[in-house]
Amino acid sequence: MSNYRNNAIFAGVMFLLAMASSLVGGTLIQDVIGKPDFMGGLLEHRMVIIAGVSLELLNALAAVGIAAAFWPPLKRKSPAMTAGYLGLRVIEAAVCATAAFIPVVLIMLAGNGDEVSLADMLCIVRDTITTYAVPLFFGIGALVFYVMLYRSDLLPKYISVWGFIAAIGIMAVMLVPVAAVTPVFGLPIIVNEIYLGVYLIVKGFRKGAAE
């Protein structure tokens, strides 16, 4: 099995891991801190928070893992863009990690009634990061990635076109941050990256394109 085949499998696993961990992790955390007066019961649900934080950190690592897996085959044709893509995913991972650590700080503040205002402020910061910063860096990174993927012929072009359009949808979430509308914009990239992950694991890169 070639190194590029190993890269394709690793990238596929990272895509699936990133999608699952981000969706589940964010849901676990939000189910706790999204409730009114959540600080009163935060310690009781701290294990849920810790599980959610762990998953969100796993998502951050997977984001960098995807870029690292695609580095060898993509840098041959687009070295500058590949380096830029890696940088964007590192920044995205750092932003995701920052948002993930905020619930840990909230657990440390739990039980101290004087810190409720600080807890509320931290929740606002986390909401701002997850609503604007994460979609921004993820979206820009995805646009760069799918342009490189289209040019490289590593995968069928329909996957690249689909991903590019879906990435634009993710960035549109920043302009319309409404809970009822977010799934409409987010679903295409969710399905795309699940499909891409499975495709990479099963079929890998096109023969010849990665050589």
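Helical runs (DSSP H, four residues minimum) scored at -39500 (n - 2.57) apiece and divided by the length of the chain put the mean residue ellipticity at 222 nm at -27000 deg cm²/dmol.
The HN-Hα couplings worked out from phi for region 76-89 by the Karplus form 6.51 cos²θ - 1.76 cosθ + 1.60 (θ = phi - 60°) are 5, 9, 9, x, 5, 5, 5, 5, x, 5, 4, x, 5, 6 Hz, whole numbers, x standing for Gly and Pro. Placing +1 on the Cβ of every Lys and Arg and -1 on the Cβ of every Asp and Glu, with no other charges, gives region 3-202 a dipole of roughly 1080 debye about its Cα centre. Put in order of Cβ neighbour count within 10 Å, fewest first, the listed residues D37, D120 become D37, D120.
The 3J(HN,Hα) values that the Karplus relation (6.51, -1.76, 1.60; θ = phi - 60°) gives for region 93-98 are, in residue order, 4, 5, 5, 4, 5, 4 Hz. Gly and Pro appear as x. Straight-line reach from K75: taking Cα to Cα under 28 Å and skipping same-chain neighbours fewer than 8 places apart, the lysines in range are K157, K203, K207.
Any read-out appearing in this document is the output of simple, stated calculations on the displayed coordinates, not a laboratory observation. What you are looking at is a predicted structure, and each value in this text was computed from that prediction instead of being measured. Note that we place each Cβ from the backbone using ideal geometry, even for glycine, and neighbour counts take in every protein chain shown.
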